[in-house]
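Since the structure comes first, as structure tokens, the remarks are kept for the end.
Quick note: the coordinates plus some simple rules give every number you see, no bench work behind them. Given the structure is predicted, the values throughout are model-derived calculations rather than measurements. Cβ coordinates were reconstructed from backbone atoms using ideal geometry, including for glycine residues, and neighbour counts include every protein chain displayed.
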Amino acid sequence: MFPESSSNTDPATKLKDAVAYDSAGKYESALMSLNEAISIQADYVDAWLIKGVIYGKLGKCSEALKCYDKVIDLDSSHVPVWRLKAATFASLNQHDKAAECFIRALELDPANLEYRLALALSFQRLKRFEEALACYAEAKKQKPDDPRIDYFIGVMWSNLADYQKALSSFDEALRLKPDFSNALLAKGIVLGKLGKTEEAKQIADKLLETKGTSEEENQKQPQSLNDSIRNEFRNAQKRFNEKYSRPA
């Protein structure tokens, strides 16, 4: 059920209307409600942020960035906006600007492991490998038992054709999580590159044995850049739905 047209001058009501339209895929109506909310209260941070998220979902990155910049003007310590801005820059292949946003996000939330891993990946895309390794080292201090960190390090070494270091990193990831399918696959590929075909075959057999990965593990598998960006927008939308959705 869509919101009824109203002359209500409460910006929060307009925002709830926008969330309802957004959830129904009525993006133009959602943007209209957001503009009405902003016309009532120009410094309404959530309205600007939701507007940016919708523009991001529509692929209108320039418009999304303008909205995020407005949020930063209003509240520069707003952590999620830096992550969303970084994701938008990454979608434009502007990884230097994405890295700057991740650095700011980490200054505000230094305990956030996901931001640190994302910054390391941005450094890799910029071929700033020493800085990427420094990020991973900090991540290991923060959460030494997270196998994704060693997996990402292994991928970096593999891309640099340092297969022995890659193999060591994948082995460490598998020590922490023996059924980590991405690490198993990566290890098999590296063994093949090293000419260790029999060991690579054993890895392939083990992958068949561990087929049927749980949904929880799938969520922990490293994502593609586009998947990561889509998830950022979905997570932001979920937060807004929980905060502003109308009662049934």
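The condition of being surrounded by fewer than 24 Cβ atoms within 10 Å (Cβ to Cβ), assigned to a helix (DSSP H, G or I) and small (Gly, Ala, Ser) holds for only one of SER62, SER77, that being SER62. Of the residues making up the stretch 50-66, just one is in contact with a Ser or Thr (Cβ under 6 Å, 6 or more places away or on another chain) and closer than 21 Å to PRO11 by Cβ, namely ALA64.
What do you reckon, is LYS97 within 24 Å of LEU58 (Cβ to Cβ), of a type outside the set (Ser, Thr, Tyr) and free of Cβ contacts under 8 Å to residues at least 12 places away in the same chain? For LYS97, the condition - within 24 Å of LEU58 (Cβ to Cβ), of a type outside the set (Ser, Thr, Tyr) and free of Cβ contacts under 8 Å to residues at least 12 places away in the same chain - is met. Screening the stretch 92-182 for helices (runs of 4 or more DSSP H) wholly inside it with 1 or more residues that are within 17 Å of the chain's Cα centre (by Cα) returns the ranges 95-108, 113-125, 129-142, 147-159. Looking only at residues in the stretch 160-213 that are basic (Lys, Arg) and under 24 Å from LYS140 (Cα atoms), the one that is surrounded by the fewest Cβ atoms within 10 Å (Cβ to Cβ) is ARG175. Within the stretch 30-49, the set of residues being in a helix (DSSP H, G or I) and acidic (Asp, Glu) comprises GLU36, ASP46. Set side by side, the residues ALA47, ALA111, ALA42 differ, and just one is surrounded by fewer than 18 Cβ atoms within 10 Å (Cβ to Cβ) and under 22 Å from ALA12 (Cα atoms), which is ALA42.
Here's the yes/no breakdown for (1) crowded, with 23+ Cβ neighbours inside 10 Å; (2) touching an Asp or Glu at 6+ places or on another chain (Cβ under 9 Å); (3) not in a loop (DSSP other than H, G, I, E, B):
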position: ASP17; (1), (2), (3): yes, yes, yes
position: ALA20; (1), (2), (3): no, no, yes
position: GLY25; (1), (2), (3): no, no, no
position: GLU28; (1), (2), (3): no, no, yes
position: LYS51; (1), (2), (3): yes, yes, yes
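I'd like to know if the stretch 156-176 contains one or more residues that are closer than 28 Å to LYS97 by Cα and of a type in the set (Phe, Trp, Tyr). Yes, the stretch 156-176 contains a residue that is closer than 28 Å to LYS97 by Cα and of a type in the set (Phe, Trp, Tyr).
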